[in-house]
Amino acid sequence: MPDFKNILFEVNERVALITINRESKLNALNAATLKELRQAMQNVYDDDSIQGVIITGAGQKAFVAGADISEIAQLTELDSRKFSEAGQEIFAMIEQAYKPVIAAVNGFALGGGCELAMACHLRVAVKTAKFGLPEVKLGVIPGYGGTQRLPQLIGKGRALEMILTAEMIDANKALDWGLVNQVVDSHEQLMPAAQELMAKILKNSPKAIGLAIQCVNASYNEQENGYQTEANSFRLATKSEDFKEGTSAFLEKRTPHFTGK
């Protein structure tokens, strides 16, 4: 396991917990932290014993309060595109993971933090959490996929309102708009809620879960026919051992034992 300095990485009962651990900096995403996040996700990809991921921030104030402004301020026209593409690539690893990824949003999710949460497949938030994309206040725009994922989640009009006004919304409004899946009352309830949601997912076939994630992602890819992806994935599912086990268990009125094969 790599010696991480900016994140915590632990695995318990098939679930990896990734904690952005820069509490004194409100868990801001600097280049070093993004590099470690990439490595952590690569560990998830490579370790077959890991079947799900929960991402959160250290402390109770911030999930991730944004990218590191001191680094952004030094960007030139020549390196700014690479800066954006590097973040997009890491967040795409999360979005395209074959294993479910849940964001446990424990506080401010602003800028790159909001974009990180949106890259996860599902989001659970404490009621005191705040979401926002304030980049236009700095004379830039969201660069880690925010202009693309936010409209997918809450619609074009509301996405433009959030981006153009740079104003934050609270967790309840985020729930109402579809930005989060669940809101809990306290920080003490947040991780248990995320773990409970993950447990509901992991009772099902890992093979089918991964294929379903790919199919939903395909519906947002203009270069891919989502219906064809779905039909082909359905075919692949029926070739799997999980399919044989799932159908047999249903007919035999027993609990299935899935292997992900």
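The values are calculated or read from the model by the stated rules, or taken from the named source; none is laboratory data. Being a predicted model, the structure only gives us computed values, none of them experimental. Because the Cβ atoms are built from the backbone with ideal geometry, glycine has one as well, and the counts that use them run over all protein chains shown. What goes into the accessible areas is simple: the full protein's heavy atoms, side chains included, and nothing from ligands, DNA or RNA. Shrake-Rupley method; radii C 1.70, N 1.55, O 1.52, S 1.80 Å.
Calculate one ³J(HN,Hα) per residue across the range 150-165 by plugging θ = phi - 60° into the Karplus curve 6.51 cos²θ - 1.76 cosθ + 1.60, and present them in order as whole Hz with x for glycine and proline.
In residue order, the calculated couplings are 4, x, 5, 8, 10, x, 5, x, 5, 4, 5, 4, 5, 6, 6, 7 Hz.
Which value in nm describes the separation of the simple spin-label points at residue 199 and residue 241, placed 7 Å from the Cα toward the beta carbon?
Placing both labels 7 Å along Cα→Cβ, they lie 2.6 nm apart.
In degrees between 0 and 90, to the nearest 10, how far off the longest principal axis of the chain does helix 226-238 point, with axes built from Cα atoms?
40 degrees
For residue 7, which sequence-distant residues (separation of 5 or more, or a different chain) have an amide H within less than 5 Å of its own amide H, given hydrogens modelled in the peptide plane?
The list, which skips near neighbours in sequence, is 21.
For the peptides 51-58, 186-193, what is the packing order when you average, over each peptide's residues, the other Cβ atoms within 10 Å and list the highest mean first?
51-58, 186-193
Name the long-range amide H neighbours of residue 28: under 5 Å, sequence gap of 5 or more, or other chain; modelled H, no Pro or chain starts.
Amide H neighbours of residue 28: 65.
Between the helical axis of 77-95 and the dominant principal axis of the chain, each derived from Cα atoms, what acute angle in degrees is found, rounded to the nearest 10?
30 degrees
Heavy atoms only, probe 1.4 Å: what % of the accessible area of the range 1-148 goes to carbon and sulfur, would you let me know?
C and S atoms contribute 51 percent here.
Against the longest alpha carbon principal axis of the chain, how many degrees, from 0 to 90 and to the nearest 10, is the axis of helix 31-46 turned?
So the helix axis and the longest Cα principal axis differ by about 0 degrees.
Rounded to a whole number, what % of the accessible area of the range 159-261 do carbon and sulfur atoms account for, probe 1.4 Å?
52 percent
Calculate one ³J(HN,Hα) per residue across the range 105-122 by plugging θ = phi - 60° into the Karplus curve 6.51 cos²θ - 1.76 cosθ + 1.60, and present them in order as whole Hz with x for glycine and proline.
Ordered by residue, 3J(HN,Hα) equals 8, 9, x, 4, 10, 10, x, x, x, 5, 5, 4, 4, 5, 6, 6, 6, 9 Hz.
With a 1.4 Å probe and every protein chain left in place, work out the accessible area per residue of the range 144-216 in Å², rounded to a whole number.
Here the residues of the range 144-216 average 51 Å² of exposed surface.
Please compute the net charge surrounding residue 127, taking Lys and Arg as +1 and Asp and Glu as -1 over other residues with Cβ under 10 Å from its Cβ. Present the calculation step by step, with values, prior to reporting the outcome.
Numbers: positive: none; negative: 170, 185.
Its environment carries a net charge of -2.
Relative to the present Cα-Cα distance, how much length would full extension add between residue 3 and residue 165 at 0.36 nm per residue of separation?
Additional length available on full extension: 54.3 nm.
Starting at the first residue of the range 70-75, write each ³J(HN,Hα) from the Karplus equation 6.51 cos²θ - 1.76 cosθ + 1.60 with θ = phi - 60°, in whole Hz, x for Gly and Pro.
Along the range 70-75, the couplings run 5, 6, 4, 4, 8, 5 Hz.
For the chain, what does -39500 (n - 2.57) per DSSP helix run (n ≥ 4), summed and divided by total residues, give at 222 nm, in deg cm²/dmol to the nearest 500?
Roughly -15000 deg cm²/dmol at 222 nm, from the helical runs in the chain.
Can you give the accessible area of residue 252, probe radius 1.4 Å, in Å² rounded to 10?
110 Å²
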